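*Asks:* Before we start, here is the structure in question, set down as structure tokens.
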Amino acid sequence: MSVDDKAISAPGPGARVAIDLLPLVVFFAANYWRGIFTATIAFMVAITVAMLVSQLRYRHISPMLWFSGVMVLVLGGITVWLHDDTFIKMKPTLVYLAISSVLAFGLVTRRNLMKAALGSAYPGLSDRGWTILTRNWIGFFLVMAAVNEAVWRSSSTDFWVGFKLWFFLPATILFALANIPMLMRHGMRLDEAREEPPLPPTQ
């Protein structure tokens, strides 16, 4: 691959944020405008467009975007087909549980899958640092799964949508930032990072 090809295939931080978060923004806006079922359809369309843009413009779809896209299309499709918003509400729970299970499996089998996927985002991080980071995110994902279940089962749909916007997204960003001191203690070199450390799924 030439230098030009590498430049084309590597989206900048702003592009990554747009690809990851714009479908969620579309979901929130559509829910406010027309309700959860219209929002679900809009979400499905938006994440499909995000995947196409990522592939056509950058020649790459991240594993996280693939996973989120499949979950949105499958559970969103069931939501619209059965006209039952339970399935789209359960999506964050299933995503968090699936990712935490995969990461835990990697630790048990002595294969740090987070390091394999995100190594270039955390240059210099020691194996011990990768292990701690993975354990931290496993715990965070399990807590978020439990919180999502508690909220959607005990509140209105509009409250749940607002909770996703005002709790899940800020909590994810704050938790990622809270890990930085630990990462630096275990060798991460911010000045050598090729890209901004990616956020885990917020959708």
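The values are calculated or read from the model by the stated rules, or taken from the named source; none is laboratory data. All figures in this text were calculated on a predicted structure; none of them were measured in a lab. Backbone-built Cβ (ideal geometry, glycine too); neighbour counts: all protein chains shown.
*Asks:* If we keep just the residues of segment 53-70 that are of a type outside the set (G, A, S) and free of Cβ contacts under 8 Å to residues at least 40 places away in the same chain, which is farthest from F167 (Cα to Cα)? Can you show your working first?
*Replies:* So the first thing to find is which residues in segment 53-70 are of a type outside the set (G, A, S), and the list is 53, 55-61, 63-67, 70.
Those still in the list that are free of Cβ contacts under 8 Å to residues at least 40 places away in the same chain too: 53, 55-56, 61, 66, 70.
On the way: V53: 28, Q55: 30, L56: 33, I61: 27, W66: 24, V70: 24 Å.
So the residue we want is L56.
*Asks:* Need the failing condition index for M188 against (1) assigned to a helix (DSSP H, G or I); (2) modelled with pLDDT under 85; (3) over 18 Å from the mean Cα position of the chain (by Cα), just the number.
*Replies:* If we test M188 against (1) assigned to a helix (DSSP H, G or I); (2) modelled with pLDDT under 85; (3) over 18 Å from the mean Cα position of the chain (by Cα), just (1) comes out false.
*Asks:* Filter segment 53-77 for residues that are of a type in the set (V, I, T) and surrounded by fewer than 16 Cβ atoms within 10 Å (Cβ to Cβ) and give the result.
*Replies:* First pass over segment 53-77, keeping only residues of a type in the set (V, I, T): 53, 61, 70, 72, 74.
Selection gives V70, V74.
*Asks:* Scan (1) surrounded by 14 or more Cβ atoms within 10 Å (Cβ to Cβ); (2) in contact (Cβ under 8 Å) with a residue 40 or more places away in the chain; (3) closer than 24 Å to M114 by Cβ for the single condition A50 breaks and write down its number.
*Replies:* The number of the failed condition is (2).
*Asks:* Here's another thing I want to ask about it. Count, please, the residues in segment 106-150 that happen to be more than 19 Å from L65 (Cβ to Cβ) and under 19 Å from the mean Cα position of the chain (by Cα).
*Replies:* Looking only at that region, the number is 19.
*Asks:* If I filter segment 110-129 down to residues being free of Cβ contacts under 8 Å to residues at least 24 places away in the same chain and surrounded by 14 or more Cβ atoms within 10 Å (Cβ to Cβ), which single residue comes out as farthest from L24 (Cα to Cα)?
*Replies:* Going through segment 110-129, the residues free of Cβ contacts under 8 Å to residues at least 24 places away in the same chain turn out to be 110-116, 119, 127.
Filter once more, keeping what is surrounded by 14 or more Cβ atoms within 10 Å (Cβ to Cβ): 112-115.
Details: N112: 29, L113: 26, M114: 24, K115: 27 Å.
The selected residue is N112.
*Asks:* From L103, L118, L125, which residue is within 21 Å of I173 (Cβ to Cβ), of a type outside the set (F, W, Y) and not in a helix (DSSP H, G or I)? Walk me through it before giving the result.
*Replies:* Numbers: L103 fails: not in a helix (DSSP H, G or I); L118 fails: not in a helix (DSSP H, G or I).
None of the other options fit; the residue is L125.
*Asks:* Here's another thing I want to ask about it. Could you tell me whether L142 is within 21 Å of A39 (Cα to Cα), assigned to a helix (DSSP H, G or I) and touching a Leu at 6+ places or on another chain (Cβ under 8 Å)? Can you show your working first?
*Replies:* Details: within 21 Å of A39 (Cα to Cα): no; assigned to a helix (DSSP H, G or I): yes; touching a Leu at 6+ places or on another chain (Cβ under 8 Å): yes.
No; evaluated as a whole, the condition is false for this residue.
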